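Enquirer: I'd like to ask some things about the structure below.
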Amino acid sequence: MLLMRALRANVDDDVKDTIINVLGVRVASNPEKYLGLPMMIDAISVYVMQCFALPKFLCCKLEGLMNNARDLIEDRILWQLGNGANVNIWNDPWLLGVETTEYQLIEAETNTWNKELVRNIVDDVHVTHILSILLSKARSEDTLVWKHKGSGEYLVKNGYRFLITEHFLNTNYINPNTMVYKDFYRSFWAMHIPAKVKIHVWRPLNNFLPNYCNLNQRKLRVRVDCPLCKAAPEDTDHLLWSCGTLQSVWASLQIKIAPTDKALSCKNYFVNTFCLADELNRQLIAISLWALWYRRNKLIHEGINFSLQELLGFIQGYRHEINLCQEKIEVACVSRLNEVWRPPDLGFIKLNFDATFQSESKTSSIAVLARDCEREVVGAETYLFTDVVDVFVAEARVCERTLPYLYDGKTI
Ligand SMILES: [Zn+2]
């Protein structure tokens with residue numbers, strides 16, 4: 001296959017014929033169709049083969065990868081029903097969450113499910129799944145869609161995400177950080193401080209900082225003493241917790257330190273201290289870690305002397321500035337929330353609509369209200385839908401009921 005692509009790419013016809021004769025193979029006229037693969041894979045392999053002579057085992061490996069990609073897509077696509085003409089209900093995948101020519105199941109005249117027939121041929125569970133599928137009024141053709149995404153569109157990243165999730169589920173992989181620090185991370189990421197500060201704190205928590213010990217491990221540095229306190233090697237634990245300079249900063253800022261226990265790690269100490277603090281002190285903890293790393297870099301790369309007083313002034317000023325900005329944002333949000341309904345311009349109709357969803361009964365009530373420039377109600381409708389599978393479908397159905405108003409005249 002790769003040979004065919006290389007031949008197709010940039011080889012003269014005479015040379016191409018000679019190679020084909022020697023090898024006794026034939027050239028496929030449309031390999032993309034045969035493979036059913038994205039053009040990107042094709043482009044990559046052609047590009048690589050133009051630049052390098054690939055060994056046979058690598059060609060086999062690439063072919064295997066492409067076949068795996070094809071199998072992945074084939075196994076995880078789903079028929080999105082149009083008129084139902086192309087779907088075999090017993091053999092084709094068309095129900096989400098159920099492993100199974102439904103043309104007869106749809107009433108052709110009304111374009112609705114033939115509920116009686118559906119109930120006669122499948123059990124209650126399947127009935128619910130089938131009746132919750134919305135049928136297109138346009139009677140469009142059945143379409144194959146990727147079943148793990150709401151839009152049905154397949155992208156390489158969706159396939160990758162699915163494989164990674166499946167791998168973790170199959171190997172019972174549990175990320176210890178996710179389990180133990182779940183509450184910590186939830187409150188940490190919700191803090192009102194710049195993302196760059198939060199990301200900086202997240203880095204040592206996962207040992208992603210190029211501290212001296214990490215550089216030493218990669219043979220990029222010999223000495224590992226902390227450039228600030230010079231009392232111990234600069235590793236992740238030191239930066240997060242045990243650095244004397246950091247402890248002095250926290251003491252000056254009157255951060256309450258959580259009780260320490262020898263069974264716990266420095267990371268645990270940090271997380272416990274953070275959880276013990278109130279919102280303002282949490283901000284101080286995060287900003288102090290970020291600012292200390294900045295000053296440490298200034299010292300070692302630019303020779304700028306470190307000053308504890310200057311650092312403390314910066315941390316408090318920075319936090320004060322953040323909170324001022326936050327207050328301004330909150331005021332702006334409140335004033336926007338207080339905006340009242342305004343009528344449309346002359347000659348236009350304004351539509352307001354919404355839906356409720358009851359998950360237990362699988363029902364949805366919707367309401368549509370149409371008003372003109374003089375606030376007069378020119379149309380209103382409420383409706384109850386049954387067999388609604390989720391909130392998304394409830395919202396879709398209210399949009400569907402709103403559409404007829406759009407054909408009547410100018411609307412906004
Ligand atoms: Zn230190």
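Throughout, read-outs are computed from the coordinates displayed, never taken from laboratory work. Computed from a prediction, not measured in an experiment: that's the story for all the values here. Note: ideal-geometry Cβ built from the backbone for every residue, glycine included; neighbour counts use all protein chains shown.
Enquirer: Calculate one ³J(HN,Hα) per residue across region 213-224 by plugging θ = phi - 60° into the Karplus curve 6.51 cos²θ - 1.76 cosθ + 1.60, and present them in order as whole Hz with x for glycine and proline.
Expert: Whole-Hz 3J(HN,Hα) from phi for region 213-224: 5, 5, 5, 5, 4, 9, 6, 9, 7, 9, 7, 10.
Enquirer: Let me ask you something else. Apply the Kirkwood formula to region 223-295: the hydrodynamic radius equals the inverse of the mean of 1/r over all pairs of different alpha-carbon atoms; give it in Å with one decimal.
Expert: With all distinct Cα pairs of region 223-295 included, I get 12.6 Å.
Enquirer: Right, next: What is the packing order of peptides 362-370, 54-62, 68-76, taking the mean over residues of other C-beta atoms within 10 Å and listing the highest first?
Expert: Result, highest mean Cβ count within 10 Å first: 362-370, 68-76, 54-62.
Enquirer: A further question follows. Just flag the GluC sites (Glu not before Pro) in region 304-412 sitting in loop per DSSP whose Cβ has no more than 15 other Cβ atoms within 10 Å.
Expert: Answer in residue order: Glu339, Glu360, Glu374, Glu376.
Enquirer: Quick one: Cα centre-to-centre distance for region 121-146 and region 340-412, in angstrom?
Expert: After rounding, the separation between the Cα centres reads 24 Å.
Enquirer: Would you please give the residues with an amide H less than 5 Å from that of Val145, counting only those at least 5 places away or on a separate chain, with H modeled from the backbone geometry?
Expert: For Val145, whose amide H was placed from the backbone, the distant partners under 5 Å are Leu78, Trp79, Gln80.
Enquirer: Same structure again: Would you mind checking the radius of gyration and Dmax of region 112-242 based on alpha-carbon positions, in Å?
Expert: 26.4, 81
Enquirer: Treating only the Cα positions of region 179-336 as identical point scatterers, give the base-10 log of I(q)/I(0) from the Debye formula at each q in 0.13 Å⁻¹.
Expert: Values returned for q = 0.13 Å⁻¹ are -0.64.
Enquirer: Another question, if that's okay. Which value, in nm² and rounded to one decimal, describes the direction-averaged projected area of the C-alpha convex hull of region 263-412?
Expert: For region 263-412, averaging the hull's shadow over all directions gives 17.9 nm².
Enquirer: On to the next question. How far apart, in nm, are the 7 Å Cα→Cβ label points at Gln254 and Ala195?
Expert: Computed distance between label sites Gln254 and Ala195 equals 3.5 nm.
Enquirer: Same structure again: Rounded, prolate or oblate: which fits region 350-406 when a ≥ b ≥ c are the square roots of the eigenvalues of the alpha-carbon gyration tensor, with rounded for a/c under 1.5 and prolate only if a/b beats b/c?
Expert: Because a/c hits 1.5 or more and a/b exceeds b/c, region 350-406 counts as prolate.
Enquirer: Expected output is a single nm value to one decimal: the length gained when fully extending between Gln309 and Cys325, i.e. 0.36 nm times separation in residues minus the C-alpha distance. What is it?
Expert: Length gained between Gln309 and Cys325: 3.3 nm.
Enquirer: A follow-up question, please. Across region 179-336, how many lysine pairs, 8 or more apart or on two chains, come within less than 22 Å at their alpha-carbon atoms?
Expert: Within region 179-336, the lysine pair count is 15.
Enquirer: With Cβ to Cβ distances under 13 Å as the rule, what net charge do the other residues near Ser359 carry (K, R +1; D, E -1)?
Expert: Here the count lands on -2.
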